[in-house]
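Comments concern the structure below.
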Amino acid sequence: MNLPHFRVLPWLFVLLWSTGFIGARLGLPHAEPLSFLLIRYLAVIVFMTAVSIASGAPWPTSASAWFHIGVAGLCVHGVYLGGVFTAISKGLPAGVASLVVGVQPLLTALGAGWLLGETVIWRQWMGLFLGFLGVGFVVFDKLGSSFGVDALVPAIIALLGITAGTLYQKRFCPSFDWRTGSVAQFLPTALATGVCVALTEHFQVSWTGEFFFALSWLVLVLSVGAISLLNWLIRQGDAVNVASLFYLVPPSTALIAWLLFGESFSGIAIFGMALAIWGVYLSRK
């Protein structure tokens, strides 16, 4: 792959990943959070299995490969998405959820040195802190809403899940086919989510046009497009480089919400966006 294409893919990932909060906003009024995610996971499994068979994609060749890919997927998809959707459904503002999950690059940098032996230079540390500060500015005006601890805890669990999943995948299964790998990642995720639905929800879904659009978007654009890009980025770069991109998600989400829903943001938020972009630039080798 030539250099110009390589440079544009991280930005494409940020753009696609940022639309996940928009999909959640559209779909959650029509379904319970974990039930919504279970339908999404099952749809991805069916779609990607058909794609894998039609294209003759290679499947994981050992039980250990299936296991490691599945564990990474359970953390990145099941724990992270389950936590974010549950937190938002309990009243946590999306901006606050973004801020909580925004700690991920810092946690990943700590884990990358400890678990992966990656060297994090001072320039990257500076970029990580600047990026976190920029995210804080972006969501500063969103912190006025009241919410309880029961809404905050799932967001913290989501943060730990995506951090652990990124590090685990980079350590144990950095390379796998994106088509069959999606199936291997979402199978255990769907199983675990199904158990949680059976224990905590009633699988109540209103199949409105808005819900169907949100589901289709999250399946095709997020779970197929963005996740495939994330797997590629983890394989190609170090953990800190990949994690730093998540600093750009809240600013990008704010811009998309402004374009689609007319949500306003202040001058301090614009300053935060610029600061987050500068932080990502510094933190990427």
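Read-outs throughout are calculated quantities, based only on the coordinates presented, and are distinct from any laboratory measurement. What you are looking at is a predicted structure, and each value in this text was computed from that prediction instead of being measured. For neighbour counting, all protein chains shown are included, and Cβ atoms are generated from backbone atoms with ideal geometry for every residue, glycine included.
When the Gaussian network model of the chain links Cα atoms closer than 10 Å, the mean-square fluctuations of VAL205, VAL79, VAL149 top out at VAL149.
On full extension, the segment bounded by ILE268 and ALA50 gains 73.8 nm, given 0.36 nm per residue less the C-alpha separation.
Sorting ILE45, ILE256 from the fewest to the most surrounding beta carbons within 10 angstrom yields ILE256, ILE45. When the helices of the chain are scored as -39500 (n - 2.57) per DSSP H run of n ≥ 4 and the total is divided over every residue, the value at 222 nm lands at -23500 deg cm²/dmol. By the combined test of axial Cα extent (at least 18 Å) and Kyte-Doolittle hydropathy (mean at least 0.0), the qualifying DSSP H helices of the chain come to 3-27, 33-55, 122-138, 149-172, 178-200, 267-283.
Comparing ALA192, ALA112, ALA72 in a Gaussian network model of the chain (Cα springs below 10 Å), the most mobile by mean-square fluctuation is ALA192. Ranked by the mean number of other Cβ atoms within 10 Å of their residues, highest first, the peptides 216-224, 62-70 come out as 216-224, 62-70.
Once the Cβ-Cβ distance of GLU201 and THR119 is raised to the sixth power relative to R0 = 41 Å, the FRET efficiency obtained is 0.40.
A protection proxy built from the mean count of other Cβ atoms within 10 Å ranks the segments 82-88, 194-200, most packed first, as 82-88, 194-200.
Each Lys or Arg adds one and each Asp or Glu takes one away; over the other residues whose Cβ falls under 14 Å from the Cβ of THR200, this sums to -2. At an R0 of 35 angstrom, the distance between the Cβ atoms of ARG25 and ARG235 translates into a FRET efficiency of 0.65. Compare GLY267, GLY131, GLY20 in a GNM of the chain, Cα atoms joined below 10 Å, and give the one with the largest fluctuation. Residue with maximal mean-square fluctuation among GLY267, GLY131, GLY20: GLY267.
Taking every C-alpha pair closer than 8 Å and separated by at least 6 residues, the mean separation divided by the residue count of the chain gives a relative contact order of 39 percent.
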